[in-house]
Amino acid sequence: MKRVLYILLLSQLFACTVSKYTQFEHTYHFSAASGSPDYSSLDYWAAHPWKHDPSDSVPKVLKTSYRLPDSTVDIFFIHPTTYTSDKKEFGWNAPVDDAALTAKTDYTSILYQASVFNEAGRIFAPRYRQAHLSSYFPKTAVDTIQAVAAFEEAYEDVKQAFEYYLAHWNKGRPIIIASHSQGTTHAKRLLKEFFDGKPLQQQLVAAYLVGMAVEPDWFTALPPCTQPSQTGCICSWRTFQEGYKPDYVEKEKFTAVVTNPLTWDAAQPYAPAGMNKGAILRNFDVLKKDVVDAKVENGVIWTMKPHFTGSFLLHTKNFHIADYNFFYLSIRQNAQERIKAFKNKARYSPGQLYTYPQ
């Protein structure tokens, strides 16, 4: 009985692992004949402003204050790994047209993470041939080679999607780059290639690179965000229970960039749970207050044990999958604060920013 309760608690906390997304599988009918995504078709976008998708969802408690998305700002969101099956039935990379994986991606990450930004601007989230979860944990030299190739294939899709977006839809708009987990692995490369010290940097409102380490020297011209209204900068965090760091963090030879997702202020590295005005757990429509605090601790965020009914049975200390969920309302508000600051800057003039050549 205790084991059953524990599983139920995990499903309540970690919305991205347990979902009723399987009921939506039958709604996906597109097929990638060549195996490659075609970003001219909306089928290959998990979120896009020209179609209704889960990123448009707003928790009921926020609907009374909800404003329509700012159509002058774009969010390019890169989803995390949803290809996690033990069988690895598709090999090292997932197809972009598998109905089960597509539904899983849309009704976990896109619903619970990308939706954070649906008041800040237009959301673009490409489908891509994501690397299997095991690519992060190769066991042999051959596995390592295949894992590198898998990440490369996934990144090339993300890059192609971004280039298509720039050429056809951006039209000089300010951009937020947001990502989680494997999405952040690719977002780091994307920012390095397209923004870091490049003309496009002037259009960057901010980047939310969540769930993966961002090395302090990864970028040359994009600084970490140290103030809540700072623009053209990088926010990043990984969430663990206070006192815990997994081995892979302990072995890092650098102190990763870390932003407190409640204060957003480098001078305020700790925020009590009372500052957390809204976490989204399994029930998307319920906004829970005071679930966790947040403390910057040598390259990660430490939190107290989550506070919700029955949480005393929760034993995991790695809150990777809740990196967005725990701080949902805070991220939502901060994105809008940075957009406002960006637009107030004298250098911002709509239509006069860098436009990607078509």
Estimated vicinal HN-Hα couplings, Hz - the stretch 81-98 in sequence order (Karplus 6.51, -1.76, 1.60; Gly, Pro = x): 5, 10, 8, 10, 4, 5, 5, 6, 5, 9, x, 7, 10, 7, x, 8, 10, 6
Virtual spin-label span in nm between residue 71 and residue 298, 7 Å along Cα→Cβ: 5.1
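Size of the dipole of the stretch 210-339 about the Cα centre, Lys and Arg at +1 and Asp and Glu at -1 on the beta carbon, nothing else charged, in debye to 20?
Values: 13 positive and 13 negative charges, 68 e Å.
Roughly 320 debye for the stretch 210-339.
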Karplus-derived 3J(HN,Hα), 6.51/-1.76/1.60, for each residue of the stretch 212-225, Hz, glycine and proline x: 9, 5, 10, 4, x, 10, 5, 10, 9, 10, 9, x, x, 6
The chain: most fluctuating residue of 56, 265, 143 per GNM, C-alpha cutoff 10 Å: 143
Among 264, 169, 302: highest mean-square fluctuation, GNM of the chain, C-alpha pairs under 10 Å: 169
Model label zone, residue 193; criterion: amide N under 16 Å from point 7 Å along Cα-to-beta-carbon; scope the stretch 233-268: none
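Using the Kirkwood radius over Cα pairs, work out the Stokes-Einstein diffusion coefficient for the stretch 2-343 at 10 °C and 1.306 mPa s, in µm²/s as a whole number.
Numbers: Rh = 20.2 Å.
The diffusion coefficient I find is 79 µm²/s.
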Förster-model FRET efficiency, 30 Å R0, residue 41 and residue 285, C-beta, rounded to 0.05: 0.45
Ellipsoid equivalent to the stretch 142-201 - semi-axes via the Cα gyration tensor, in Å: 25, 12, 10
Net charge, residue 74 excluded, C-beta distance under 13 Å - Lys, Arg +1, Asp, Glu -1: +2
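Can you list the trypsin sites (Lys or Arg not before Pro) in the stretch 64-151 that are in a DSSP coil and have 16 or fewer other beta carbons within 10 angstrom? Spell out each step's value before the answer.
Details: sites: 67, 87, 88, 104, 122, 127, 129, 139; in loops: 67, 87, 88, 127, 129, 139.
Passing sites in the stretch 64-151 are 67, 87, 88, 139.
Please give the contour-minus-distance gain from residue 255 to residue 142: 0.36 nm per residue of separation, less the Cα-Cα distance, rounded to one decimal in nm.
Working: separation 113, 0.36 × 113 = 40.68 nm, distance 2.98 nm.
Contour length minus the Cα-Cα distance gives 37.7 nm.
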Cα Rg over Rh - the stretch 114-257, Kirkwood: 0.97
Sequence-distant lysines (8 or more away, or on other chains) whose Cα lies within less than 29 Å of residue 51: 20, 60, 63, 104, 159, 171, 188, 340, 343
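May I ask you to list, by number, the DSSP H helices of the chain whose Cα span along the axis is at least 15 Å and whose average Kyte-Doolittle hydropathy reaches 0.5 or more?
Numbers: long enough: 2-13 (16 Å, 1.14); 141-165 (36 Å, -0.12); 182-194 (18 Å, -0.93); 328-344 (25 Å, -1.01).
Flagged H segments are 2-13.
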Cα pair distances exceeding 18 angstrom across the stretch 25-133, given as percent: 49
Karplus (6.51, -1.76, 1.60) ³J(HN,Hα), θ = phi - 60°, over the stretch 270-283, in Hz, Gly and Pro reported as x: 10, 10, x, 4, x, 7, 8, 8, x, 10, 10, 9, 5, 7
Cα convex hull of the stretch 187-283, projected area averaged across orientations, nm²: 7.8
Beta bridges per DSSP with both ends in the chain, % antiparallel, nearest 5: 35
Spacing of the two label points (7 Å from each Cα toward its C-beta) at residue 277 and residue 345, in nm: 2.5
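The numbers here are math on the coordinates, done by the rules we state, and not lab data. Since this is a predicted model, take the numbers as computed values, not measurements. Quick reminder, even Gly has a Cβ in these numbers, built from the backbone with ideal geometry, and neighbours come from all protein chains shown.
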